[in-house]
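Reading through the structure tokens given below for one structure.
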Amino acid sequence: MNRWRRSVDEIQARKRQVTECERALEALCKVTACFQQMAISIGSNSDGSFLREEMDETRALAHRICTGLHRRLVPLLTERATEPGQEDRLQVERLWVIFLTGLENLQQDLHKASDLIDRFPLKQRNDRRALVNTGASDGVIGVSARAASVQTPWLAVEVEQNPDLKTHITQIDALVKEMLQKVSIPFWAVEATQEAWVEGAQSQDTAHDQDETLEEMMVVSQDDQMSGCCQPLNCKLGCMFCLST
Amino acid sequence: MTIRNVRDHGQRFRPRMACLKKVEAVMLEMQDPKTGVKSQPQKLVITTIPHAITGEDVVTWLANRYTIEAEEAWALGTMLVAFGYIYPLQDHKRLVIKPDTALYRFQTPYFWPAQQWPVEDTDYAIYLAKRNIRKKGVLEMHEQEQYNGLHKWMNHKWDFIVMQAKEQYRAGKERKKPDRAVFDCQERAYWVVHRPPPGTVSAMDYGLERMVDPNAEEKETSDFFRRIMIFTQQSIMRPRVKSSVSIGALVKYSITCNKHDPFLAPCLPSNPWVTDDVTYWLLNMANVDIPTKMRVERWTFSFGELLSDPRGRDDFRLFLKKEFSGENLAFWEACEDLKWGTAATMNEKAQQVYKTFLARGAPRWINIDGKTMEVTVKGLKHPHRYVLDAAQTHIFMLMKKDSYGRYLKSPVFKDTQKRAIGPDQHRFSVSQLEANARKRRPSISPIIVRQQEKEERARMATSGPVDITQVMSKLSNKGKEVPPPKK
């Protein structure tokens, strides 16, 4: 009787851990996406100390999520393949593959960011002149707020030191190596749950429709150019007229 | 867990991209508010986006900065666009710089091409998924093909890809509208450079990857100096030619081959790499019946040219058959076969050659001088790949001095010359060029080509009263290829 109850408890605990990990993975995706958005502005005219600080904070967040996930996923996978609670083995392997891919993605972005930060140091004043004029303006506030809004169960609980960029990179390298050594599962056996092309067919909210005009905005000016008007001034007026018809 | 044979994080060096460091220096100079390229705001319907530059401003700036001609500045500007440092705002698929008021913008450093990082397919998959979300499934043809391909072989990562695409899409929406437009343009330009749609020429074709950084200085160890010493010793020992003679030879070569160089003279009917029309290749295939005029003209340049062109060699063989002196060419081809063939068949081939051409009373005895014959026969006791070299050179010179001249005056050659075709130059309109680009298809698979050749060989072998000339030459000609792999 006791043994039965223990295994039920184990199953429930395991299920809880797996859902925690799933949510953490979604959070990791969110944070890496935000980090990438910020990294895109490095070296451009919208670069600045504010951007770099926000990037550091996002990176620290990502670090905490990664270490927490690592601490939870590895025992889930290295447990003996006994009957109670192992039906979700497939799901856990899937999470493992997603985590590894996410880590690699983050690793790549960190390398790029580190390289760019080295190339565009902001220490002296005339360094600002060397920033590339890309036409972007400061816009990372929303992005960093989005990153900061991420929730994971262990975020508030486990406080660790935030590593600086170079140490972070070496830590992730070591993490990936260790993970590949400890757990050996065939990644290519994992099948995706998503079918192809599904994400495009899902219904979107009204904000999505505004996006279409962005693309069309670009196209309109292109059509005008092809119609042969040579003066940009004329194009401007033409644009307005084109859109009204 | 992308498979990486070498966990290098950047130590793989892509050779032709060593110039990127210099390009980046140029880009940074262009940013200077006083001495850089003038920028203007781009007025769109809803908003204004700063930092648009015109093509003519870029070209003028380059011409002034480096004191070069306008044409060269134009070529340099096109290179900047082809590498992806500047992207066009209109007509984004053509990576050229138009020296007029066409608008461009600088690419953000995150999207600059990097020598150290290969462009990952995972990122491309995420981009395509994002585009799919945004355009609700309406992607271009080549994007759809790529998407399906990536979905198949990256299936294990696909959940991550879709999740990340959704998150990146939502993160992108957090930015202000003009920034979002700029980012979309930047990302699209990045992928046009690194995964060019059909019909786009980008500069990212970089060949093999190397393990050595071409930019790095070599360490001066004793081995380094030893190599320098060997090199200088060898150059001292080399036979020297007067520079007037060698320069004269170069000039003569340039004058003769000027009209045949596809870079300097237009390729007739059109250069397939430029117009995507393969008529040129079809007209110049190895087994074509009627060669082109340019090809026939090349045969008159030198005997080597005639022999190295398979169609020319066929013509020469026909001429020799009429003169009943085909054994020279057959011997030469047998020697080539021995040189380039597989090691397993070498002994056998060498013996065959001896029996057919060199032995006393052989069926196709060739006439070489006594000394060469002695050396060759002695070498054949222990045959190796180059054992027939001396004899081959002798026969080559014989054919060159004797038969070649007669061939050029012969009715066979004159007839071929008369029948040769001179195709007109294609004139394609822009829409036709695009249609050509869409219709591009890979050529016949080499497996099928090999099968066809095998069939032809079999046919030649079984055809009627065996003309030894044809059989020997065709066999030794075709035998150059590697035999098909064993099952």
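Extension gain, B:ARG427 to B:GLU140, is 100.6 nm, computed as 0.36 nm per intervening residue step minus the present C-alpha separation. One Cα centroid belongs to region A:177-194, the other to region B:295-333; the line between them spans 61 Å. Counted by Cβ distance under 15 Å from B:LEU76, the other residues give a net charge of -4, where Lys and Arg count +1 and Asp and Glu count -1. Relative to its residue count, chain B spans a Cα convex hull of 255 Å³ per residue.
One Cα centroid belongs to region B:399-430, the other to region B:241-277; the line between them spans 18 Å. Applying 0.36 nm per residue to the separation of B:THR232 and B:GLU323 and subtracting their alpha-carbon distance, the gain on full extension is 27.8 nm. Report, in listed order, any pair from A:LYS177/B:LYS22; A:LYS123/B:LYS38; B:LYS349/B:LYS400; A:LYS177/B:LYS135 with a Cα-Cα distance greater than 32 Å. With Cα atoms farther than 32 Å apart: A:LYS177/B:LYS22; A:LYS177/B:LYS135.
For chain B, averaging the sequence separation of C-alpha pairs within contact (under 8 Å, six or more residues apart) and dividing by the residue count gives a relative contact order of 13 percent. Measuring against 28 Å, Cα to Cα, the residue pairs B:LYS21/B:LYS157; B:LYS93/B:LYS136; B:LYS130/B:LYS176 contain B:LYS21/B:LYS157 as the ones spanning a longer distance. Contact residues in region B:99-114 (at least 50 Å² less accessible area with all protein chains than alone, 1.4 Å probe): B:THR101, B:PRO109, B:TYR110. The residues of chain B expose, per residue, 57 Å² of accessible area to a 1.4 Å probe. Rounded to the nearest 100, the interface formed by chains A and B buries 7700 square angstrom of accessible surface, both chains summed, with a 1.4 Å probe. Taking all protein chains as they are arranged and a probe of 1.4 Å, the heavy atoms of B:MET294 leave approximately 70 Å² accessible to solvent.
Measuring only protein heavy atoms, the 1.4 Å probe finds B:GLU348 accessible over about 130 Å². Between A:VAL132 and residues 5 or more places away or on another chain, which pairs have amide H atoms under 5 Å apart, with H built 1.01 Å from N, and which residues are they? Residues meeting the amide H criterion: A:SER44, A:ASN45.
Rounded, prolate or oblate: which fits region B:14-89, taking a ≥ b ≥ c as square roots of the Cα gyration tensor eigenvalues, rounded meaning a/c under 1.5, else prolate when a/b beats b/c? Here region B:14-89 falls in the prolate category. For B:THR393 and B:THR221, a Förster radius of 35 Å and the Cβ-Cβ distance give a FRET efficiency of 0.30, rounded to the nearest 0.05. Placing R0 at 56 angstrom, the Cβ-Cβ distance between B:ALA437 and A:ASP9 gives a FRET efficiency of 0.30 after rounding to 0.05. Among the protein heavy atoms, those of B:GLU145 account for about 120 Å² of accessible surface (1.4 Å probe, every chain in place).
Accessible-area rank, largest first, for B:MET27, B:MET373, B:MET237: B:MET237, B:MET373, B:MET27, with all protein chains present and a 1.4 angstrom probe. In this structure, A:ASN162 and A:ARG23 have a Cβ-Cβ separation that, at R0 = 30 Å, corresponds to a calculated FRET efficiency of about 0.85.
Note on chain B: with charges restricted to the Cβ of Lys and Arg (+1) and Asp and Glu (-1), its dipole about the Cα centre is near 840 debye. Remark: region B:56-172 carries a charge dipole of roughly 680 debye about the Cα centre, counting +1 on each Lys and Arg Cβ and -1 on each Asp and Glu Cβ. On full extension, the segment bounded by B:LYS400 and B:ILE290 gains 37.2 nm, given 0.36 nm per residue less the C-alpha separation.
In terms of accessible area, using a 1.4 Å probe and ignoring ligands and nucleic acids, B:TRP273, B:TRP153, B:TRP74, A:TRP197 rank largest first as B:TRP273, B:TRP153, B:TRP74, A:TRP197.
Placing dummy labels 7 Å off each Cα toward the beta-carbon, the span from B:HIS260 to A:ARG119 is 4.5 nm. Label positions at B:GLU69 and B:LYS418, each projected 7 Å from the Cα along the C-beta direction, are separated by 4.5 nm. Averaging the Cα positions of each part gives two centres, and for region B:17-48 and region A:16-95 these lie 36 Å apart.
On the principal axes of its alpha-carbon atoms, region B:204-315 has extents of 59, 41, 26 Å, going from largest to smallest. With all protein chains in place and ligands, DNA and RNA left out, the 1.4 Å accessible area ranks B:MET397, B:MET30 as B:MET397, B:MET30, largest first.
The values are calculated or read from the model by the stated rules, or taken from the named source; none is laboratory data. Remember, it's a predicted structure, so these values are computed and weren't measured experimentally. Using ideal geometry, Cβ is built from the backbone for each residue, glycine included, and neighbour counts are taken over all protein chains shown. Ligands, DNA and RNA are excluded from the accessible area calculation, which covers all protein heavy atoms including side chains. Shrake-Rupley method; radii C 1.70, N 1.55, O 1.52, S 1.80 Å.
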